[in-house]
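For reference, the structure is listed below as structure tokens.
The values are calculated or read from the model by the stated rules, or taken from the named source; none is laboratory data. Not measured: the values here are computed from a predicted model. Heads up, the Cβs are rebuilt from the backbone with ideal geometry, glycines too, and the neighbour counts pull from every protein chain shown.
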Amino acid sequence: MGFGQPIFWVVAILYVCLMFYLGWRANRDTDGADDFFIGGRKMGALAVSMSMFSTMLSASGYVGSTSAGYSQGLSLVWLSLGATIGLVVFNMLIGPRLWYVGKKHGIYTVSEFITKRFNSGVIGAMLAFGTAIFVAFVMYGQFKFTAIMMEAITGLDYIPCLVIALVIMTAYTVGGGMKGVVWTDVIQGILMVVGALVLIFVSISKAGGLVEMNTVAAELSPKTMRWCGSYSAGFGLSWVFLMCFNYNATPYTVQRGFMAKSAHTFKTVLAFAVVAYFIVNMMKVTGIASIALEASGLFAIPENKDYMFPALATAILPGGVAALILVTALAAIMSTGDSLLMNVGTLFSNEIYHKYINKNANERKLISVTRWAMVFTVVFMAFLAIMEKVTGFKVPIIYYIVNLGTGGLTTLYLPGIVYGLFSKKASDKGILCAQIVGFIVVIAAFIFRNGYLGDAAKAAYMTSPLSLWGFHEGALGSIVALIVAPVVSCFTKAPPKEHVDQFILPKL
């Protein structure tokens, strides 16, 4: 698939030049580890909110909205509800506390916070191991969508598109660090909001308006107009829970809690982020509109549903506008891709290299190691994406692969964040057991629910109490982890009071 008209190239090249410029400026203004890892703790409300918003949405929430809306319709409103609640919780309760603790102890990442809070290198190792696995799912989705959008923009083949896009993303992230990520996120976030408004308005208008669109969709695809779609009520409710805590547990999002210029910044962040998130989440409507558009002959649903977003944009919009919309989609993908790279690199340099390989490494060395870790990650994940294309191996729709990764990360980090900030009795063994049990539950539930062990095993799982009425595996793992942590803590020793008091803050 590819369109490749000159206007697409012009817009794409202008966008790329802007990203390179922002990365170069960030690199020039970066002075020391504080600047490189968390932007010097000097970011204002607009920068933090756009970075948080664009990082969380990305491929699954923006580019994947059309295909997800087409397959599940109104049921995805549950995701928006959960994520909006999550924004409120983070900016009122989690973010300010993380900022105070991070500033006090010189902490750069949420994994570093959990490790120091519970004074356990084993917990840090478990976080590093689990993060590597679950982030792989998320990054895989980002990289695939990157190639898809570059195909639509340039008309080139999948593999060279993947390489071009990843070189761009890696260049400004490796060069500019967190400042480069945040500055580009601001531009990307604004582009996403504008692009969403345009595509929503035009798709509904061409589908004959809301009433006609809904009538046609209800007739041709009834499940899209049901509040749970083809899911069970349990699955829908579990996504409310999961999306709420995604904002409060995924490490690349929570890291924004360390970079604000003050704790009060989060109150303004909340207003910016909620408005932007509401607008972009309405993108699910374009999937419902596509049903009516196909019925009227204005749009043909592509066989590969991952291509629905670029196909719809180029089918119903003028060339120049379509080019802008596709670039906003590319921006959405890169906004999470760069944050993932930054988080993986920081995790490796601070939690593995500095603690176990070179304890005497200075700031300059840690920055260098972070950059090389990001480069290695890009090369490895690009290799996997290319091998899938070459071998023809089929994976589930990218939207759900990304949500598996974020669900797994939520399970892994949620107990440490919640009990680390609000409980004086939680023990390191309680948190470690919660991580291990939650990790096992997520992986096992995913394997059984998707039938990887056969239809009989899938049927047995779906009818057992373990499925909890169809709960998403990430929500199931998170709930189990939140229960395991305090139970085990009751029978194990908590860290000394004087240590805990350094991390548990008085009421804000």
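Summary table below
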| read-out | value |
| --- | --- |
| Residue match in the stretch 429-445 (condition: surrounded by 15 or more Cβ atoms within 10 Å (Cβ to Cβ), touching a Pro at 6+ places or on another chain (Cβ under 8 Å) and either over 17 Å from LEU127 (Cα atoms) or among the hydroxyl-bearing types (Ser, Thr, Tyr) (or both)) | no |
| Residue that is buried (at least 21 other Cβ atoms within 10 Å of the Cβ), β-branched (Val, Ile, Thr) and modelled with pLDDT of 75 or more, where the choices are THR184, THR224 | THR224 |
| The stretch 124-160: number of residues that are of a type in the set (Gly, Ala, Ser), buried (at least 18 other Cβ atoms within 10 Å of the Cβ) and modelled with pLDDT of 75 or more | 3 |
| Per-region count, the stretch 474-502, residues assigned to a loop (DSSP other than H, G, I, E, B) and surrounded by 21 or more Cβ atoms within 10 Å (Cβ to Cβ) | 0 |
| Given (1) surrounded by fewer than 22 Cβ atoms within 10 Å (Cβ to Cβ); (2) under 20 Å from SER80 (Cα atoms); (3) at pLDDT 75 or above, number of the condition CYS244 does not satisfy | (1) |
| Residue within the stretch 296-303 that is more than 20 Å from the chain's Cα centre (by Cα), free of Cβ contacts under 8 Å to residues at least 60 places away in the same chain and closer than 29 Å to ALA136 by Cβ present | yes |
| Those residues of the stretch 113-123 which are among the hydroxyl-bearing types (Ser, Thr, Tyr) and either within 19 Å of SER478 (Cα to Cα) or surrounded by 24 or more Cβ atoms within 10 Å (Cβ to Cβ) (or both), in sequence order | THR115 |
| Helices (runs of 4 or more DSSP H) wholly inside the stretch 85-164 containing at least 1 residues that are of a type outside the set (D, E, K, R), free of Cβ contacts under 8 Å to residues at least 12 places away in the same chain and out of contact with any Lys or Arg (no Cβ under 9 Å at 6 or more places or on another chain) | 121-154 |
| Count - residues of the stretch 253-302 that are within 17 Å of LEU81 (Cβ to Cβ) and either among the aliphatic types (A, V, I, L, M) or buried (at least 18 other Cβ atoms within 10 Å of the Cβ) (or both) | 13 |
| Answer residue from the stretch 466-483, given it is closer than 13 Å to VAL418 by Cα and out of contact with any Phe, Trp or Tyr (no Cβ under 7 Å at 6 or more places or on another chain) and is modelled with the lowest pLDDT among those | ILE479 |
| Among residues of the stretch 289-328, those that are closer than 18 Å to SER221 by Cα, β-branched (Val, Ile, Thr) and part of a helix (DSSP H, G or I), counted | 1 |
| Some residue of the stretch 395-405 being in a helix (DSSP H, G or I) and modelled with pLDDT of 85 or more | no |
| Residue within the stretch 264-275 that is under 30 Å from ALA218 (Cα atoms), touching a residue at least 24 places away in the same chain (Cβ under 8 Å) and either in contact with a Lys or Arg (Cβ under 7 Å, 6 or more places away or on another chain) or in a helix (DSSP H, G or I) (or both) present | yes |
| Qualifying positions in the stretch 491-506 - closer than 19 Å to CYS433 by Cα and without any contact (Cβ under 8 Å) to a residue 24 or more places away in the chain | PHE491 |
| Qualifying residue in the stretch 367-381 (condition: surrounded by 14 or more Cβ atoms within 10 Å (Cβ to Cβ), over 23 Å from the mean Cα position of the chain (by Cα) and under 19 Å from ALA132 (Cα atoms)) | yes |
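Okay, residues lined up against (1) among the charged types (D, E, K, R); (2) modelled with pLDDT under 80; (3) more than 30 Å from ALA217 (Cβ to Cβ); (4) surrounded by fewer than 22 Cβ atoms within 10 Å (Cβ to Cβ):
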site: PRO6; (1), (2), (3), (4): no, yes, yes, yes
site: ASP34; (1), (2), (3), (4): yes, yes, yes, yes
site: SER67; (1), (2), (3), (4): no, no, no, no
site: LEU74; (1), (2), (3), (4): no, yes, no, yes
site: MET92; (1), (2), (3), (4): no, no, yes, yes
site: LYS104; (1), (2), (3), (4): yes, no, yes, yes
site: TYR108; (1), (2), (3), (4): no, yes, yes, no
site: SER111; (1), (2), (3), (4): no, no, yes, no
